[in-house]
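Data first, discussion second: the structure below is written as C-alpha cells.
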Amino acid sequence: MFDYTFQWNQALARLPRMLDGAVVTLEVAVLSMLIGIVFAMILTLMRLSDSRPLKAIAATWIEIARNTPALLQIYMAHFGVASFGIHFSPFTSLLIGITFNNAGYLAENFRGALKAIPDTQARAGRSLGMSSLQSFRYIIVPQMLRISFLPMTNQMVWAVLMTSLGVTVGMNTDLYGVTQDLNALTFRTFELFAIAAVIFYIITKIITLGARLIASRLFRY
Amino acid sequence: MIEIQNVHKSFGQLEVLKGIDLTVSKGEVVTVIGGSGSGKSTLLTCINGLEPINSGKILVDGVEVHAKSTNVNALRQKIGIVFQQWNAFPHLTVIENVILAPRKVLGMGKAEAEAIAEKQLRHVGLGDKLTTYPSRLSGGQQQRMAIARALAMSPDYMLFDEVTSALDPQLVGEVLETLKMLAEEGMTMICVTHEMGFARDVSNRVAYFHKGIMAEIGAPAQLFGDPQHPETRSFLASVR
Ligand SMILES: Nc1ncnc2c1ncn2[C@@H]1O[C@H](COP(=O)(O)OP(=O)(O)O)[C@@H](O)[C@H]1O
Ligand SMILES: [Mg+2]
C-alpha cells in the first residue's frame, strides 16, 4: 500500500529554481504591502472625509476585501476584468488582487488605531499652527503605525501565503507556481511541496522576527 | 491686543457663550474663574479659532479670527494654548515635541529649532530631560513641556485652560511657578483656573463666568474683596 520511495535528491536538485520563485513571491508580497499601505491610508482618509460618495467607495472596498475569498479577488483582477477587455499579466493580476485585500484589511486596522488616539492630539497640533494635514502626518500617522504594527506584520505574512493563489490565474514564476510546474515534470509531489512548505515557513518566520526587531528599534517610547 | 466683542456661541441648541465682551491689552494677565460648564474653555478655543462662533467678533491685533479671509494657521502661531490635558506627543522625545511646530510650521532649520527648544525647556526647568520620552515624565513635567512647546513658537499671547486641574496636588506648585514667571516676564495671558491664590497674586484682572455670561470682572482685590454679583459671592464662598 505504501510503496512511494522518497527521492529527495531529485527534488533538491530543483532547489535553485524554487529559490528564484521565492524571490518573486517576496517581490509580490512586499510590493502588495507597500502599495496596500498607501491605499489603506487613502481609504482611511476617505472614510474620515465629509463626502458621502468617498465614504461609500471606501466602505465598499473594505467590505468586499474582508468578506470575500482572496482567491475570488485575484480571479476577478484577472479573468473578471478581462470580460471588459482589460488584460493584465498573471503577475499584475496577482499583485492587484493581494494589494486590494491588504488595503481593505489594513484600512480596518488603521481605523481601530485612529480610534485609540485621542482627538486632543490633533487639536494640540492645530493649536501650534499646524494644518490638519500636518497634524495627521506628523502626529497621528506615526502613532497609528505603531498601534497597527502587529496587524501589519500579520498581513505581510498573509500576503506571502496568498501568492500561492496566483496559480489560478496562470502565475508560474512564484514559489508555488514553480513548484507546481516542477511537479508536473518530475512527479516528486511530496518532496517538492515539502520543500516549498519549508521555504514558505522560513520566509514568514524571518518576517515575524524581523518585524519584532524593527519594532524594538523604532518604538522606544 | 485681544478684543472680544459680543460673542455668542452655541453647540446645537445649547448656548454656551451669551454675549461676551472682553479686551485684553498687551502685557496684561486676565484670569477667568467660574463653575464647570460656564463656557470658560469654549471661550479660549474660540479665541484661537479652534471653534467657530455664531455672532460677534474676536480680533487679535486687529485681525478678525473668524473672518473667512483669515489664515488661522498663521494666527495660531501668535496664540499659544495649553490645555488641562497636556497632550504630549508620545512618539516624540521632549525636544522633538518642542521642535516639531517650529520646523514644520515656521520652516526653521534643525539646529536653530533645537537651540530655541533647549532654551525654552531650560526655562521651564526641563533642561535635563531633552531626550526623554514623555511617558517617563510626571504630569507636572509633561505640562511644563507643553508650555515650552507653545513658547517655542514665540507667541504674543498665551491661553491656559486649567493647566493644573489634572495634576496631583504636589505637582501643582511647579506649574503655577512657571506661569508666574511668564507673567512677570510680561507675557499677555488669559488663564482659566481654579487656583484662587494664583488668580489673586498674578492677575491684573479676574473675570467671573456664570452660565455663559461674564458676570463680573475687576482687579483681584475688588473681585475677591468686594464681589458685586451675588453669584460671584456664592461661587467664592463655595471654593474657599
Ligand atoms: N464640543 C462640544 N459639543 C457640545 N457641547 C459642548 C462642547 N464643548 C463644550 N460643550 C458644552 O458647553 C458648555 C460649556 O463648556 P466649557 O466651555 O467646557 O465649560 P467650562 O470650561 O467653563 O467648564 C458645557 O455645557 C459643555 O457640555
Ligand atoms: Mg473647561
Single residue of segment B:67-90 satisfying the filter (among the charged types (D, E, K, R) and surrounded by fewer than 22 Cβ atoms within 10 Å (Cβ to Cβ)) that is farthest from residue B:152 (Cα to Cα): B:68
Matching residues in segment A:172-193 - criterion: being assigned to a helix (DSSP H, G or I) and in contact (Cβ under 8 Å) with a residue 40 or more places away in the chain: A:175, A:176, A:177, A:178, A:179, A:182, A:186, A:190, A:191, A:192
Long-range neighbours under 7 Å by Cβ, at least six apart or interchain, first residue within 20 Å of residue A:115 (Cα to Cα) within segment A:47-64, second open to solvent by 70 Å² or more (accessible area, probe 1.4 Å): A:47/A:55; A:47/A:111; A:49/A:55
Residue that is nearest to the other protein chains (Cβ to nearest Cβ) [pool: residues in segment A:148-157 that are among the hydrophobic types (A, V, I, L, M, F, W, C) and surrounded by fewer than 19 Cβ atoms within 10 Å (Cβ to Cβ)]: A:149
Residue match in segment B:224-235 (condition: within 16 Å of ligand 1 (Cβ to nearest atom), touching a residue at least 40 places away in the same chain (Cβ under 8 Å), more than 14 Å from chain A (Cβ to nearest Cβ) and open to solvent by less than 60 Å² (accessible area, probe 1.4 Å)): yes
Out of B:109, B:62, sole residue that is open to solvent by 20 Å² or more (accessible area, probe 1.4 Å) and on the phi > 0 side of the Ramachandran plot: B:62
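Table: residues versus (1) touching a residue at least 40 places away in the same chain (Cβ under 8 Å); (2) within 14 Å of chain A (Cβ to nearest Cβ); (3) touching a Phe, Trp or Tyr at 6+ places or on another chain (Cβ under 6 Å); (4) closer than 22 Å to residue B:47 by Cα.
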residue: B:125; (1), (2), (3), (4): yes, no, no, no
residue: B:133; (1), (2), (3), (4): yes, yes, yes, no
residue: B:137; (1), (2), (3), (4): yes, yes, no, no
residue: B:145; (1), (2), (3), (4): yes, yes, no, no
residue: B:152; (1), (2), (3), (4): yes, yes, no, yes
residue: B:156; (1), (2), (3), (4): yes, yes, no, yes
residue: B:163; (1), (2), (3), (4): yes, yes, no, yes
Of residues in segment B:45-59 being more than 10 Å from every other protein chain (Cβ to nearest Cβ) and within 13 Å of ligand 2 (Cβ to nearest atom), the one most open to solvent (accessible area, probe 1.4 Å): B:51
From the options B:67, B:117, B:74, B:111, residue that is away from ligand 1 (no atom under 16 Å from the Cβ) and either of a type in the set (Val, Ile, Thr) or in contact (Cβ under 8 Å) with a residue 12 or more places away in the chain (or both): B:117
Residues that are open to solvent by 20 Å² or more (accessible area, probe 1.4 Å) and either hydrophobic (A, V, I, L, M, F, W, C) or within 14 Å of chain A (Cβ to nearest Cβ) (or both), drawn from segment B:184-196: B:187, B:196
Output for segment B:165-203, where each listed residue is within 16 Å of ligand 2 (Cβ to nearest atom) and without any contact (Cβ under 8 Å) to a residue 60 or more places away in the chain: B:167, B:195
Qualifying residue in segment B:159-174 (condition: under 24 Å from residue A:220 (Cβ atoms) and away from ligand 1 (no atom under 16 Å from the Cβ)): no
Pair list, Cβ under 8 Å, 6 or more apart: segment B:27-52 residue away from ligand 1 (no atom under 11 Å from the Cβ), other residue part of a helix (DSSP H, G or I) and among the charged types (D, E, K, R): B:48/B:76; B:49/B:76
Of all residues making up segment B:12-32, the number that are within 16 Å of ligand 2 (Cβ to nearest atom) and polar (S, T, N, Q): 1
Single residue of segment A:187-221 satisfying the filter (open to solvent by less than 50 Å² (accessible area, probe 1.4 Å) and under 15 Å from residue A:174 (Cβ atoms)) that is nearest to the other protein chains (Cβ to nearest Cβ): A:204
Yes/no for residue B:157 being closer than 27 Å to residue B:107 by Cβ, open to solvent by less than 20 Å² (accessible area, probe 1.4 Å) and among the aromatic types (Phe, Trp, Tyr): yes
Residue within segment A:5-13 that is of a type outside the set (Phe, Trp, Tyr), outside any loop (DSSP other than H, G, I, E, B), crowded, with 16+ Cβ neighbours inside 10 Å and under 20 Å from the mean Cα position of the chain (by Cα) present: no
Every pair of residues 6+ apart whose Cβ atoms lie under 8 Å, when the first sits in segment A:25-43 and is over 14 Å from residue A:65 (Cβ atoms) while the second is aromatic (Phe, Trp, Tyr) and surrounded by 15 or more Cβ atoms within 10 Å (Cβ to Cβ): A:25/A:176; A:28/A:91; A:41/A:110
Condition met for residue A:164 (at pLDDT 95 or above and farther than 30 Å from residue B:71 by Cβ): yes
Hits in segment A:14-38 - residues which are closer than 19 Å to residue A:165 by Cβ and open to solvent by 50 Å² or more (accessible area, probe 1.4 Å): A:23, A:26, A:27, A:30, A:31, A:35
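The values are calculated or read from the model by the stated rules, or taken from the named source; none is laboratory data. From a predicted model like this one, the values you see are computed outputs, not experimental measurements. As a convention, Cβ positions derive from the backbone with ideal geometry for all residues, glycine included, and neighbour counts pool all protein chains shown. The protein model used for the area step is the full one, side chains on, heavy atoms only, and it has no ligands, DNA or RNA in it. Shrake-Rupley method; radii C 1.70, N 1.55, O 1.52, S 1.80 Å.
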